[in-house]
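Report on the following structure.
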Amino acid sequence: MAGTTRDRDIREVSNAGLLASQIASSGSTEPSTGRKPGLRNNPKYAAWFERAAFYFSFLSAAAIVLSIAASQIFLGAAILSLLASRKRLRYPPLILPLCLFFIGTVIAALLSGDPPSGLPQLRKFYVSLIAIVVFNTFHTLKQISYLVLTWGAAGLLSALDSLLQFYHRYQQAHLLNANDYGFYLDGRIMGFAGHWMTFGGEEMIVLLLLLSFLLFAPARRSKWAVAAGASLIWVSIILGLTRSIFLLGVPVGVTYLLWNWKKWSLAALAIMTALSFTIAPIQVRERVVSVFHPHVPLDSNRQRVTTRRTGWRMVEAHPWFGLGPEQVGKQFLRYLPPDVSLPLPKGYYGHLHNIYLQYAAERGIPTMLMMMWLIVKSLWDFRRPLNSSLANTDIKYILHGAIAVMLALLAEGFFEYNLGDSEILTMFFVVAACGYIAVENIASTPQTGYTK
């Protein structure tokens, strides 16, 4: 009888152990009921959502050169997937000035007397979420390199489309006997973008990242293809005739990269630039000359002077909180200097064509300084590791590329409200997030050879 009881106890313990192992293998967190956990508590589904968040994040960042609608749809999917994964969110170091910039914008909108009009600018903060998404979903330098090369491919496609547009414009000019400067200026190439300024900004960012890849990344056979694609992108930027891009933004970024690569290359660049000017199409040469001798009324020189003077008057009148988002265009004539006569020079007066004046006039000097703090902090955080003995790694090209992009945007921003474009703003935040990921990888990556 005692043996029978002992055998029964052994069988019960064995069955209990088998049941426990089955529950553990099924991932259940409710052994008392035997029910399987929901999606929220199942680590298998959490990992799946985390992978989905990366793919959607990658697609959102990559698609911005091709379609802003697709990019923002993928961004929404990435945000939902990241939240569903229940992963603890990490925030890039730029989060504080970004939040203060957002708060300042909201206050400016509320004090403007017309808060609903500021909603388009408030909605742009949805775009800034891509910095958090990329920072939480990208982990390796290879992932960043894949994105840079994907941007290169997309930028090349847009450049090829723009070259076709230029060819069609050339044919029209000959058919209409209008092969002059003004005809090309009124129908500038745009690639896949909706405006030539957006096209130029996108291609500028892509070009500088590709150039940094060519100069600082470890040797790869793909560099020949990258060099060929970058050359075509540069041609499309020049033919785009956007002076703040090909005469200021790109040269500033390229100068930074060459100075940190081999300083003697700057002399070679100057010689190549002079030779290129002599063989450039007449439209390009006239566009360069127009900086000093504008073609009235075709060029925007006088218009930029008018917007700059008017913007200063707005800032003087409302230095703390500005006129409010989207109020610059509506109130432009109210702040027009008294010595400026109507009609105004040809051009667009919906904004001030200057990121510094635009932010200060719309949202106040303190809020403008928050954006400058964000950019300068990023530059400092990216430059500081480069002062150490980094080997020729992907970290080096990512950080140099991010710095070149930001310097180019700051320089171009004196003559264009480039961060007002959602496409450019998206790429800026992606570049910033990738820069901070590279900084994080410095501590965990060997400083020799190819990086992970």
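Each of TYR45, HIS174, VAL106 was placed along the dipole of the range 38-181 (beta-carbon charges, centred on the mean Cα), and the one lying farthest toward the positive end is TYR45. Positive contributions from Lys and Arg (+1) and negative ones from Asp and Glu (-1), summed over other residues with Cβ under 14 Å from the Cβ of ASN301, come out at +4.
Against the chain, whose longest principal axis is taken from its Cα atoms, helix 250-261 shows a tilt of about 60°. The magnitude of the dipole of the range 309-402, with charges of +1 and -1 set on the Cβ of Lys/Arg and Asp/Glu and taken from the Cα centre, is near 60 debye.
Residues in the range 144-159 carry Karplus couplings, in order, of 5, 5, 4, 5, 4, 5, 5, 4, x, 5, 5, x, 5, 4, 5, 5 Hz; the curve used is 6.51 cos²θ - 1.76 cosθ + 1.60 with θ = phi - 60°, and Gly or Pro positions show x. Would you please give the FRET efficiency between ARG86 and SER231, computed as 1/(1 + (r/R0)^6) with r the Cβ-Cβ distance and R0 = 35 Å, to the nearest 0.05? Plugging the Cβ-Cβ distance into 1/(1 + (r/R0)^6) gives 0.15. Put simply, when 80-93, 151-164, 336-349 are sorted by average Cβ atoms within 10 angstrom per residue, most first, you get 151-164, 80-93, 336-349.
Given the rule -39500 (n - 2.57) for each run of at least 4 DSSP H residues, summed and divided by the residues of the chain, what is its mean residue ellipticity at 222 nm, to the nearest 500 deg cm²/dmol? Walk me through the numbers on the way to the answer.
On the way: 18 runs with 298 residues, N = 452.
Result for the chain, helices only: -22000 deg cm²/dmol.
Translational diffusion of the chain was estimated from the Stokes-Einstein equation, with Rh taken as the Kirkwood radius over Cα pairs; at 20 °C and 1.002 mPa s the coefficient is 87 µm²/s. Positive-end ranking of ASN354, VAL328, TRP312 along the dipole of the range 296-452, with charges on Cβ about the Cα centre, is headed by TRP312.
For the range 142-181, a/c is not less than 1.5, where a ≥ b ≥ c are the root eigenvalues of the C-alpha gyration tensor, and a/b tops b/c. That puts it in the prolate class.
Please work out the Cα center distance from the range 44-92 to the range 334-406, rounded to the nearest Å. Going from one Cα centre to the other spans 27 Å.
Between amide H atoms placed 1.01 Å from N, distances below 5 Å from TYR417 occur with HIS353, ASN354, all of them 5 or more places distant or on a separate chain. P(r) tail for the range 324-406: Cα pairs beyond 19 Å make up 57% of the total.
The value of relative contact order for the chain, using C-alpha pairs under 8 Å at least six residues apart, is 21 percent.
Tell me, in nm to one decimal, what length is gained between TYR126 and ASP180 on full extension, where the rule is 0.36 nm per residue of separation less the Cα-Cα distance?
On the way: separation 54, 0.36 × 54 = 19.44 nm, distance 4.24 nm.
Between TYR126 and ASP180, full extension yields 15.2 nm more.
Against the chain, whose longest principal axis comes from its Cα atoms, helix 95-110 is set at around 60 degrees. Given +1 at the Cβ of Lys and Arg, -1 at the Cβ of Asp and Glu and no other charges, the dipole of the chain around its Cα centre is 900 debye to the nearest 20. Stretching the chain fully between LYS263 and LEU275 yields a gain of 2.3 nm (0.36 nm per residue, less the alpha carbon separation). Given the pairs LYS87/LYS124; LYS330/LYS377; LYS223/LYS263; LYS142/LYS263; LYS263/LYS396; LYS142/LYS223, which are separated by over 23 angstrom at their Cα positions? With Cα atoms farther than 23 Å apart: LYS87/LYS124; LYS330/LYS377; LYS142/LYS263.
Taking 0.36 nm per residue of separation and subtracting the Cα-Cα distance, full extension of the segment from ASN387 to LYS44 would add 119.2 nm.
P(r) tail for the range 116-248: Cα pairs beyond 23 Å make up 47% of the total.
Computed from the coordinates by the stated procedures, all read-outs in this text should not be read as laboratory data. Since we're looking at a predicted model, the values are computed, not measured. Cβ: placed from backbone, ideal geometry, glycine included. Neighbour counts: every protein chain shown.
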